[in-house]
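Student: Once you've had a glance at the structure underneath, I'll fire off some questions.
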């Protein structure tokens with residue numbers, strides 16, 4: 001990982017400087033310039049070993065230490081990652097059924113629309129035929145409803161019957177009215193005849209004839225009244241029959257509504273079954289290569305179960321997981337240096353996205369860490385030898401400069417709350433407080449306190465003091 005600047009503590013840098021200095025002990029065995037057992041630093045001091053007598057020490061390797069120079073510097077966040085196919089397509093079972101054996105293998109090329117898997121369509125075809133049979137049955141039921149309706153001829157006959165009954169009733173009513181008028185006249189004639197007979201104006205036979213006429217008309221009126229009553233009853237019956245026939249004409253309509261609703265349900269089921277039957281032939285959605293086949297054997301699969309994965313291995317992206325504390329320093333567009341991928345060259349990429357959600361991962365030491373995936377895109381097509389899921393080591397450049405004054409971090413030590421270095425000035429040690437900016441594990445940017453060409457002592461020990469002479473070798 002990249003070094004994070006520490007403005008409060010010195011522990012990491014000071015421990016490294018002291019440990020390095022304490023570990024670098026050498027003995028001058030026979031003919032050496034320094035005494036036996038003297039520690040050797042990048043700067044030797046006159047008077048032998050620091051803290052004791054002896055010959056004048058010399059800078060190790062010649063000169064007065066390390067020369068401070070200007071040059072390019074970049075700060076990276078180093079992390080492991082892997083390659084991933086940019087656009088991955090998971091082909092899943094569209095329906096539940098028996099899958100035939102998948103003949104494709106990982107690495108096989110496929111074209112868009114090519115058949116990659118097949119589910120046995122026979123059960124679905126049987127269900128389609130059963131649904132079609134139910135649909136034909138309902139259509140026949142609807143046609144059968146019409147046979148339950150009264151025929152149009154029956155309605156016409158009922159209407160004609162009503163009209164005839166009405167005419168008969170009207171004729172009977174007219175006949176009864178006529179007979180009633182004749183009966184009234186016959187009764188008056190009978191009364192008159194009885195009066196005249198009593199006066200001797202007419203004979204007994206004429207009186208009896210008048211009485212017989214009245215009796216006859218009375219009987220005819222009664223018969224006509226019965227005919228009128230029968231005609232009226234016939235009209236009432238005819239009028240009652242016609243509404244019943246009309247109601248019977250409408251009654252089966254509810255059955256048609258029921259059958260039509262059932263037909264709609266069967267048609268929907270049939271459409272779904274037909275669609276599923278068509279989808280039993282599974283085709284590649286895009287052109288590419290088979291990345292993975294979880295299980296090639298024939299088996300019963302459930303709808304949505306993954307069958308194989310497709311993608312273009314030439315279109316790779318990087319997935320680099322970093323600590324969430326480092327992720328906040330990364331922005332889209334930052335350069336990525338891809339190393340340890342198996343080739344000698346350093347591949348170049350750029351950050352395309354930082355995933356918004358972190359995830360918890362347990363480190364090798366058992367510590368829970370919050371990590372974030374950083375997605376990168378290669379500047380140029382990735383090496384042919386790279387594939388999906390290959391391990392890489394990446395350095396994400398979060399800061400870079402072409403020309404900055406820099407000093408080795410091994411020359412730094414803490415002096416209170418500040419950073420200091422030992423500068424060789426006129427052959428003597430000069431402790432100097434400096435200000436630093438960005439830094440890497442090996443170098444730090446100097447913002448104040450040093451000039452290009454200054455020489456600093458690497459790995460200074462706490463035995464070095466200000467003003468001690470330094471002799472070049």
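The values are calculated or read from the model by the stated rules, or taken from the named source; none is laboratory data. This structure is a prediction, so every number in the text was calculated from the model and none was measured. Please note: Cβ atoms are built from the backbone with ideal geometry, for glycine as well, and neighbour counts cover all protein chains shown.
Student: Can you tell me which residue within the range 447-456, out of those that are surrounded by fewer than 16 Cβ atoms within 10 Å (Cβ to Cβ) and outside any strand (DSSP E or B), is modelled with the lowest pLDDT?
Tutor: If we take residues in the range 447-456 being surrounded by fewer than 16 Cβ atoms within 10 Å (Cβ to Cβ) and outside any strand (DSSP E or B), then 453 is modelled with the lowest pLDDT.
Student: Which numbered condition trips up residue 275, out of (1) closer than 30 Å to residue 130 by Cα; (2) touching a residue at least 60 places away in the same chain (Cβ under 8 Å); (3) not assigned by TED's automatic domain parsing to the domain that holds residue 105?
Tutor: Single failed check for residue 275: (2).
Student: Looking at the range 85-106 only, could you name the residues that are over 27 Å from the mean Cα position of the chain (by Cα) and within 26 Å of residue 381 (Cα to Cα)?
Tutor: Residue satisfying the conditions is 105 alone.
Student: Then there's this: Counting only residues that are under 19 Å from residue 67 (Cβ atoms), give me the strands (runs of 3 or more DSSP E) lying completely in the range 390-437 with at least 2 of them.
Tutor: Strands (runs of 3 or more DSSP E) meeting the threshold: 391-408, 418-425.
Student: Yes or no: residue 101 farther than 30 Å from residue 339 by Cβ, at pLDDT 90 or above and either in contact with a helix residue (DSSP H, G or I) (Cβ under 8 Å, 6 or more places away or on another chain) or assigned to a loop (DSSP other than H, G, I, E, B) (or both)?
Tutor: Against the criterion (farther than 30 Å from residue 339 by Cβ, at pLDDT 90 or above and either in contact with a helix residue (DSSP H, G or I) (Cβ under 8 Å, 6 or more places away or on another chain) or assigned to a loop (DSSP other than H, G, I, E, B) (or both)), residue 101 qualifies.
Student: Moving on. Can residue 176 be described as outside the structural domain of residue 293 (by TED's automatic domain parsing), touching a helix residue (DSSP H, G or I) at 6+ places or on another chain (Cβ under 6 Å) and either modelled with pLDDT of 85 or more or under 30 Å from residue 261 (Cα atoms) (or both)?
Tutor: yes
Student: Any residue in the range 271-280 that is part of a helix (DSSP H, G or I), at pLDDT 80 or above and in contact with a helix residue (DSSP H, G or I) (Cβ under 8 Å, 6 or more places away or on another chain)?
Tutor: Checked the range 271-280: no residue is part of a helix (DSSP H, G or I), at pLDDT 80 or above and in contact with a helix residue (DSSP H, G or I) (Cβ under 8 Å, 6 or more places away or on another chain).
Student: Also: In this structure, is residue 327 touching a residue at least 40 places away in the same chain (Cβ under 8 Å), closer than 30 Å to residue 117 by Cβ and more than 23 Å from the chain's Cα centre (by Cα)?
Tutor: Taking the combined requirement at face value, the residue does not satisfy it.
Student: Pick from 433, 438, 377: which is at pLDDT 90 or above and exposed (fewer than 15 other Cβ atoms within 10 Å of the Cβ)?
Tutor: Answer to the check: 433.
Student: Quick check on this structure: which one of 444, 382 is at pLDDT below 90, under 23 Å from residue 334 (Cα atoms) and either crowded, with 19+ Cβ neighbours inside 10 Å or not assigned by TED's automatic domain parsing to the domain that holds residue 354 (or both)?
Tutor: The match here is 382.
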